[in-house]
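Nothing in this text is a laboratory measurement; each read-out follows from the coordinates by a stated rule. Here the structure is a predicted model, which means the values were calculated and not measured. Reconstructed Cβ throughout: ideal geometry from the backbone, glycine too, with neighbour counts over all protein chains shown.
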Amino acid sequence: MTFSPQLEERFAKMLSIYPPGRERSAVIPMLIYAQDEVGAVTRELVEEVARRCKVTPLQVDEVVGYYSMLHRKPSGKYHVQVCTNISCLLTGGEELYEHAKKKLGIGHKEVTPDGQFSLEEVECMGACSWAPAVEINYDFHHFVTPEKLDQLIEGLRSKH
Amino acid sequence: MLYNEPSPLETRVVSKRFGMLNSASLDTYLATDGYQAFRKAREMKPEQIVEEVKTSALRGRGGAGFPTGLKWSFVPRTSPHPKYIIVNADESEPGTCKDRLLMEYDPHQMIEGILIAALAVDAHAGYIYIRGEYRYLIEIVDRAIAEAYAKGYLGKNVAGTGFDFDLYTHSGAGAYECGEETALLDSIEGKRGIPRMKPPFPAVAGAWGFPTLLNNVETFSAVPEIIRSGGAAFAALGVPKAGGTRLVCISGHVNRPGVYELPLGYPMLKSIYEVAGGIPGGRKLKAVIPGGSSCPILKASECDIPMDYDTLAKVGSMLGSGGMVVMDETTDMVRLGLRIMRFYAHESCGWCIPCREGTTWLKKILTRMVEGHGQREDVALLGELSKNMLGRTFCALGDAAALPTISIVEKFAEDFEKHLKPEMVMV
């Protein structure tokens, strides 16, 4: 499997920073960066990461099953993550999540038919003092209201 | 731009550069005493550095509040094996959002703290384990690291002192459990994050089996100031046995939620009503989670206290990670309890049965209550099940799920009434 030159460079560095013989340490960072480029943790990717980190594919699979950001099916181009944990709950996070479901017409971990958006109700993402919070891909949005979420989604839609 | 306005009531020590122009850059850092503490520490004996940190009464800012100097003294610095520094930047305790700011606005302060710790324990490599959701921070910290290498503050011969140290970031991929230090170690080794049996403690056998010093971002970030101004001066900012200041993340029902740096021992009610501007609509305070979702919840009548470790322990709770969640009189504690339990059931790694099964059953019982099918016996069952989890797991996640539940059952019994199914009446 080949990746972009930037990712190959990142992987080369990842394999060099741990003590000798400890390539396995690169499994998780490698999976998450590769997922961003490939779109999902595919069978092929599991085998490739296993080969590069000198572990069995099973040792990679058990990791994929554990970490909540790793997923085997592709997300939307824009992955909308709405937090409903305590600080967000107290400031309208659940209502915001319900609004997002209606706005996008999809539920938890579902993808819109055009593949543009996916939605996920997530656990605390570390934005409690600026709640409710939404993370779209890796961008944080604070003090999000239903109107503000609509604007964000419309803004992303109009990019196409 | 800062995420919230600072308060004039703050004591800005670790956050003193927040809001400065280009505060994350090496130039700004060097212009504001940056890397002076490292040079000073290089002139000290390692034991003196550890003593200075002990004198500062700094306690771990990740949640457990363990005395930092003591933790450093456990690392066998003369061991022939390599020793590692690991920074816990897996900030994920609900209510907590402070390490984000320390990495975003002042990454060099953290790096300098890591370097000083490395001198103290004779480590020559370190890893910053940053939660996967914080990708933008990985980029900021990577840039700061690259800048430090370029200007000679990392790598071979750090700042011309003959000391070598390499530092790297490591991305997580979404797992609360990896904030637990031994689960983090398994994670950094490329495995599922599952807690290890202790002892041996990480200081003796940590990452890859080697002696490892693990501290939270905020803990390392406090170290340069301790060395620069002296442990005694830092200690004097706080209260006996809990030195310095800490970043308090105030969230929930307050007019000015935000992260504020307050001295240890700061009055809790003052932080709510003055620092955070009080409760919207003049509503009454009902409850406070003092330090993240793992802490037993306090009733309003218990909140007239100074925020330090010993006082919180006396009222049966914890200062935790500094995530203070404020709830007004409109809050339904059963719904809140359910949300907390959904979180722990999701995040339980499954290793210990009392935690895996306990959180799942507690979630089911709380769900049926919120859905209107609660039975009167369920209230006692919640308390009993929770208490049976206490102390029966490898790590603190089981207790973290049980403790807030017990506090809701014991302190907010009236909130369950409206969730109970009306009694069947024979006619």
Per-residue mean of C-beta atoms belonging to partner chains within 10 Å, peptide A:130-143 = 3
Residue by residue, what Karplus-based ³J(HN,Hα) values in Hz, rounded to whole numbers, does region B:98-105 have, using 6.51, -1.76 and 1.60 with θ = phi - 60° and x for Gly and Pro?
-> 9, 5, 3, 5, 5, 7, 6, 9
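Roughly how crowded by other chains is peptide B:89-98, in terms of the mean Cβ count from those chains within 10 Å of each of its Cβ atoms?
5
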Under 18 Å from the B:GLU414 label point (7 Å along Cα→beta-carbon), backbone N, region B:302-320 = B:302-303
According to the Cα gyration tensor, what semi-axes, each the square root of 5 times an eigenvalue, does the equivalent ellipsoid of region A:25-122 have, listed from largest to smallest in whole Å?
-> 30, 15, 9
FRET E, pair B:ASP164, B:GLU423, Förster distance 56 Å, beta-carbon r, rounded to 0.05 = 0.15
Give the value in nm², to one decimal: projected area of the alpha carbon convex hull of the protein assembly as shown, averaged over all directions.
-> 27.6
Three principal axis lengths of region B:92-250 [C-alpha, angstrom, descending] = 40, 39, 34
Assuming R0 = 25 Å, can you tell me the calculated FRET efficiency for the pair A:SER68 and B:LYS284, based on Cβ-Cβ distance, to the nearest 0.05?
-> 0.10
Over 28 Å between alpha carbons, listed pairs A:LYS103/B:LYS418; A:LYS148/B:LYS16; B:LYS71/B:LYS286; A:LYS102/A:LYS159; A:LYS109/B:LYS418 = A:LYS103/B:LYS418; A:LYS148/B:LYS16; B:LYS71/B:LYS286; A:LYS109/B:LYS418
Of B:353-361, A:25-33, ordering from highest average Cβ density within 10 Å down gives A:25-33, B:353-361
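Can you tell me the FRET efficiency between B:GLU47 and B:ALA150 if r is taken as the Cβ-Cβ distance and R0 is 22 Å, rounded to the nearest 0.05?
Computed FRET efficiency for B:GLU47 and B:ALA150 comes out at 0.10.
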Using just the helices of chain B, give the 222 nm mean residue ellipticity in deg cm²/dmol: DSSP H runs with n ≥ 4 each add -39,500 (n - 2.57), and the total is spread over all residues, rounded to 500.
-> -12000 deg cm²/dmol
Any residue on another chain or 5+ positions along whose placed amide H is under 5 Å from the amide H of B:TYR266 is listed here as B:MET307
Peptides A:10-23, B:278-291 ordered by average Cβ neighbours within 10 Å, highest first = B:278-291, A:10-23
Estimated distance in nm for a label pair at A:LYS109 and B:ALA233, the labels positioned 7 Å out from Cα along Cα-to-Cβ | 5.3
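Counting only other chains, what is the mean number of Cβ atoms within 10 angstrom of the Cβ of each residue in peptide B:128-134?
5
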Taking only Cα atoms of chain B, radius of gyration then Dmax in Å = 22.2, 90
At 1.002 mPa s and 20 °C, Stokes D of region B:235-291 from Kirkwood alpha-carbon radius, µm² per second | 179
Estimated 222 nm signal from helices in chain A, with DSSP H stretches of n ≥ 4 weighted -39500 (n - 2.57), rounded to 500 = -13500 deg cm²/dmol
Over the C-alpha atoms of region B:242-357, what are the Rg and the largest Cα-to-Cα span, Dmax, in Å?
-> 14.7, 45
The simple spin-label model distance between B:PHE66 and A:LYS102, using points 7 Å out along Cα→Cβ, in nm, is 4.9
Residue-wise, which Karplus ³J(HN,Hα) couplings in Hz belong to region B:277-288, taking 6.51 cos²θ - 1.76 cosθ + 1.60, θ = phi - 60°, and x for glycine or proline?
-> x, x, 9, x, x, x, 5, 7, 6, 10, 7, 9
Cα-based shape type of region B:1-49, given that a ≥ b ≥ c are square roots of the gyration tensor eigenvalues and the cut on a/c is 1.5 = oblate
Rg over Rh [alpha-carbon atoms, Kirkwood Rh] for region B:166-244 = 1.08
Proximal aspartates and glutamates to B:LYS387, defined as alpha-carbon separation beneath 17 angstrom and excluding residues fewer than eight positions away on the same chain = B:GLU357, B:GLU377, B:ASP378, B:ASP399, B:GLU410
Just tell me, in residue order, which DSSP H segments of chain B are both 24 angstrom or longer along the helix axis (alpha-carbon based) and at least -1.0 in mean Kyte-Doolittle hydropathy.
-> B:353-370
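Report, please, the projected area of region B:168-303 averaged over directions, based on the convex hull of its C-alpha atoms, in nm².
Working: hull surface 44.2 nm².
Taking a quarter of the hull surface, the average projection is 11.0 nm².
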